[in-house]
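S.K.: Okay, handing you the structure first.
The values are calculated or read from the model by the stated rules, or taken from the named source; none is laboratory data. Since the structure is predicted, the reported quantities are computational estimates derived from the model, not experimental observations. Quick reminder, even Gly has a Cβ in these numbers, built from the backbone with ideal geometry, and neighbours come from all protein chains shown.
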C-alpha cells in the first residue's frame, strides 16, 4: 500500500540564524506555521477524498483492483510532475505558485462532489490532481527551505512527517465514521472545504520569496535540471537510497492483508506507530551529526525485521518486528539533509519535489512487485525476499554515501541558475 512517508539547507537570506530549534520554536515562526497548517489540511483533504472515492468506486463496481487504484492511484501520477513541470517549484514567486496549485486542487476535489460524474471522469480527475499535487509538494518544500534556519530543517520535516502519518490515520477513521451519516459526495464537499481553508492559511501567513531563476520554468527547464541532478554520482546515490529501500518495504506492507487478513490492522498500526516514533527521535532528539551516524543502521532496521516473515511468525511477534522496521523510515531525514546540502539554492524546490515524487512512485512500484511475487510464493516469503533486496541495496550503496562527493558541488552551478551550491562544510 503506497504511503506518504517520506534535507539541512545552506543558510538562506530570509532564514533565521543557525540555532537549535524545537517544535515549539518552529510553530512560533508565522510562515512555517502557515505552511505546516496548510500541509496538514491538505493531507486531511486528500485522505478524506481518497476514502470517499474508494467507497464510491467499490459500491459501483465491487472491484478490489479499481477500489485500490481509486484510493492510491494519485501517487503514480506524481512522477509525471517530476518529469515535466517540476521546475515551477523554483519560480520567482513560489507563494503565488502554491496558491494557484491549491486552487487547482480545490477545483478538482469540488468537481468530485458532483453526483452524476462518470467513473472515467473521476479517475481522470484523480490523476490530474496527483500531477498538480506533486508540483505543490515541490513548491511547498522549496518555501520551507526559505523560511526555517539550517538547524531547523530536519525537525521541520520530522514534524510534518509525524503530522502527515497521524492525519492520514485519523482521516481514514473519521472518514469511515462520516460515511455513516454522509454520502461520498458530501464527504468530497468536506474535503473541498479543508482544501479551501488551507489555501486561505497560505495566503494569510506566507510571504513571497524570490529564488532568482534566470530562465522561465517549463518542460525544457525541468528536463535540464533533472538531467544534471542524476548526472551527479552523490545525488544519484542519495536518491537511490531514498527511493528503493523505502519503496520495497512499503511493498512488504502491501502484503499484510494477504499474510493475515485478521491481523492486518494490527500490523498496519504497528508500522505507523514505529514510523511516528522514529521521526520523533531522529528529527527532534538527534543533531545533524548524530543523524548521519545512525543513518546506515536505520536503513538496515527498515528492512531487516521483515526477514522474520520467512518463518511466518504469529501476529504479535510480527507486529513487534514491523514496529521496529517502521522506526527505520526515519533514515530519510539524514539522507534528505545530505541531498539538500548538494543542491544549489535556485533549484531546491524542484529537487525536493523530484525526491518526493520518486519516493511515492517507488512505493507504488514496490507494492506491485511484492504483490506479483506473492502470486507464486507465500506472502511471508515474498516479504522476506523483498526485504532482502532492500538490505542488499543499502549495503551495496553504503561506500558511495560514506564518501559521497559533497565537495564536488562547491562553486558549481546548474545551467541557467545564478546560485551556486553551498559547501558541505556550511551545514
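S.K.: Of all the residues that make up segment 195-220, how many are touching a helix residue (DSSP H, G or I) at 6+ places or on another chain (Cβ under 8 Å) and at pLDDT 75 or above? Reasoning before the result, please.
M.R.: Just the residues of segment 195-220 that are touching a helix residue (DSSP H, G or I) at 6+ places or on another chain (Cβ under 8 Å), to begin with: 195-199, 201-209, 211-213, 215, 217-219.
Checking the rest, the ones that are also at pLDDT 75 or above come to 195-199, 201-208, 219.
Of the residues in that region, 14 qualify.
S.K.: So, in segment 5-39, of the ones that are modelled with pLDDT under 80 and out of contact with any helix residue (DSSP H, G or I) (no Cβ under 7 Å at 6 or more places or on another chain), which residue ends up farthest from residue 196 (Cα to Cα)? Step through it out loud before you land on a result.
M.R.: Applying the first criterion (modelled with pLDDT under 80) to segment 5-39 yields 5-22.
Filter once more, keeping what is out of contact with any helix residue (DSSP H, G or I) (no Cβ under 7 Å at 6 or more places or on another chain): 13, 16-17.
Details: 13: 31, 16: 30, 17: 33 Å.
The extreme case among them is 17.
S.K.: Would you check if there is a residue in segment 361-381 being touching a strand residue (DSSP E or B) at 6+ places or on another chain (Cβ under 8 Å) and either surrounded by 24 or more Cβ atoms within 10 Å (Cβ to Cβ) or part of a loop (DSSP other than H, G, I, E, B) (or both)? Quick ask: steps written out before the conclusion?
M.R.: Within segment 361-381, the first condition is being touching a strand residue (DSSP E or B) at 6+ places or on another chain (Cβ under 8 Å), and the residues that meet it are none.
For segment 361-381, residues touching a strand residue (DSSP E or B) at 6+ places or on another chain (Cβ under 8 Å) and either surrounded by 24 or more Cβ atoms within 10 Å (Cβ to Cβ) or part of a loop (DSSP other than H, G, I, E, B) (or both): absent.
S.K.: Can you tell me how many residues in segment 307-337 are over 22 Å from the mean Cα position of the chain (by Cα) and in a helix (DSSP H, G or I)? Show your work before the answer.
M.R.: Filtering segment 307-337 for residues over 22 Å from the mean Cα position of the chain (by Cα) gives 307-321.
Checking which are in a helix (DSSP H, G or I) leaves us with 307-311, 315-321.
The qualifying residues number 12.
S.K.: For segment 40-56, which positions are at pLDDT 85 or above and in contact with a helix residue (DSSP H, G or I) (Cβ under 6 Å, 6 or more places away or on another chain)?
M.R.: Of segment 40-56, the ones at pLDDT 85 or above are 40-46, 48-49, 52-53, 56.
Selection gives 40, 41, 42, 43, 44, 45, 48, 49, 52, 53, 56.
S.K.: As an exercise: evaluate residue 330 against (1) closer than 19 Å to residue 161 by Cα; (2) modelled with pLDDT under 90 and give the number of the one condition it does not meet.
M.R.: Looking at each condition in turn, residue 330 falls short on (2).
S.K.: What number of residues within segment 108-129 are more than 23 Å from the chain's Cα centre (by Cα) and under 19 Å from residue 39 (Cα atoms)? Even if it seems obvious, please write down each step before you answer.
M.R.: Here is the first cut: in segment 108-129, the residues more than 23 Å from the chain's Cα centre (by Cα) are 110-122.
Next cut, under 19 Å from residue 39 (Cα atoms) only: 110.
Going through segment 108-129 one residue at a time, the tally reaches 1.
S.K.: Scan the helices (runs of 4 or more DSSP H) fully inside segment 59-161 and keep the ones with 3 or more residues being modelled with pLDDT under 75. Break it down stepwise before answering.
M.R.: Values: elements: 64-72, 74-84, 94-112, 119-147.
Qualifying helices (runs of 4 or more DSSP H): 64-72, 74-84.
S.K.: Please tell me if residue 283 is at pLDDT below 85 and assigned to a helix (DSSP H, G or I).
M.R.: On the way: at pLDDT below 85: yes; assigned to a helix (DSSP H, G or I): yes.
Spelling it out, residue 283 is indeed at pLDDT below 85 and assigned to a helix (DSSP H, G or I).
S.K.: Something else about it: Checking residue 226 against (1) under 22 Å from residue 99 (Cβ atoms); (2) crowded, with 19+ Cβ neighbours inside 10 Å; (3) at pLDDT below 80, which single condition isn't satisfied?
M.R.: With (1) under 22 Å from residue 99 (Cβ atoms); (2) crowded, with 19+ Cβ neighbours inside 10 Å; (3) at pLDDT below 80 applied to residue 226, the lone miss is (1).
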